[in-house]
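Notes for the one structure printed next.
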Amino acid sequence: MAEVQFRFRNDELVEDAMVTVDAFGQQANASAVRIEPGDEPRDLLPHLERLRLVEVNFPAFTDGRGLSAARILREAGYAGELRAVGDVLVDQLAALRRCGFDAFAPEVPLNEDDARAALARWPAAYQPAADGRAPLWALRHGQGA
């Protein structure tokens, strides 16, 4: 398992044993799950209250299914740690954050300065997303802070 390199949460790092999406429903004491490409994140929706960690695997930077999984979980109200693991590139960090990821464990560590620059590059957003930033149109019309 790759080490968490970036984490944007104030709570304790979750290091619970990981189970698969298929096994999660049968494990009453499981609190951490790993989503692989092809897994259905909606299968977790009835169990969001007991989930502390959802790890989403990106086996290749070209596979964007994990972005959809994150958005589905966040829009359904999941508030626990959402960790991107695998082939996570610095170019993807801003999009991953917008979809709701708040922790990153890339298989190849990222340059810290490049990552900070990538995350700060676009301070304004044009559409609502899971990261909670108000889009520009809402700010213009007094609907965000």
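The values are calculated or read from the model by the stated rules, or taken from the named source; none is laboratory data. Being a predicted model, the structure only gives us computed values, none of them experimental. Reconstructed Cβ throughout: ideal geometry from the backbone, glycine too, with neighbour counts over all protein chains shown.
Applying the condition of being of a type in the set (Lys, Arg) and closer than 19 Å to VAL85 by Cα to region 8-67 and asking which residue is surrounded by the fewest Cβ atoms within 10 Å (Cβ to Cβ) yields ARG9.
Residues satisfying the criterion are present in region 83-90 (criterion: crowded, with 19+ Cβ neighbours inside 10 Å, at negative phi and not hydrophobic (A, V, I, L, M, F, W, C)).
Consider region 68-82 and keep the residues that are surrounded by fewer than 16 Cβ atoms within 10 Å (Cβ to Cβ) and not aliphatic (A, V, I, L, M). The one that is nearest to LEU13 (Cα to Cα) is GLY77.
Within region 115-125, restricting attention to residues that are loosely packed, with under 13 Cβ neighbours inside 10 Å and assigned to a helix (DSSP H, G or I), which residue is farthest from the chain's Cα centre (by Cα)?
The initial filter retains those residues of region 115-125 that are loosely packed, with under 13 Cβ neighbours inside 10 Å, namely 117, 120-124.
Retained after the next criterion (residues that are assigned to a helix (DSSP H, G or I)): 117, 120.
Working: ALA117: 19, ALA120: 17 Å.
It comes out as ALA117.
Can you list the helices (runs of 4 or more DSSP H) found entirely within region 1-103 that contain at least 2 residues being under 25 Å from LEU119 (Cβ atoms) and either in contact with a Leu (Cβ under 7 Å, 6 or more places away or on another chain) or of a type in the set (A, V, I, L, M, F, W, C) (or both)? So that I can check it myself, show each step before the final result.
Details: elements: 21-24, 65-75, 93-99.
The qualifying helices (runs of 4 or more DSSP H) are 65-75, 93-99.
Counting just the residues of region 16-64 that are within 15 Å of the chain's Cα centre (by Cα) and at pLDDT below 90, which one comes out nearest to GLY100 (Cα to Cα)? Step by step, filter region 16-64, then rank; the result is GLY64.
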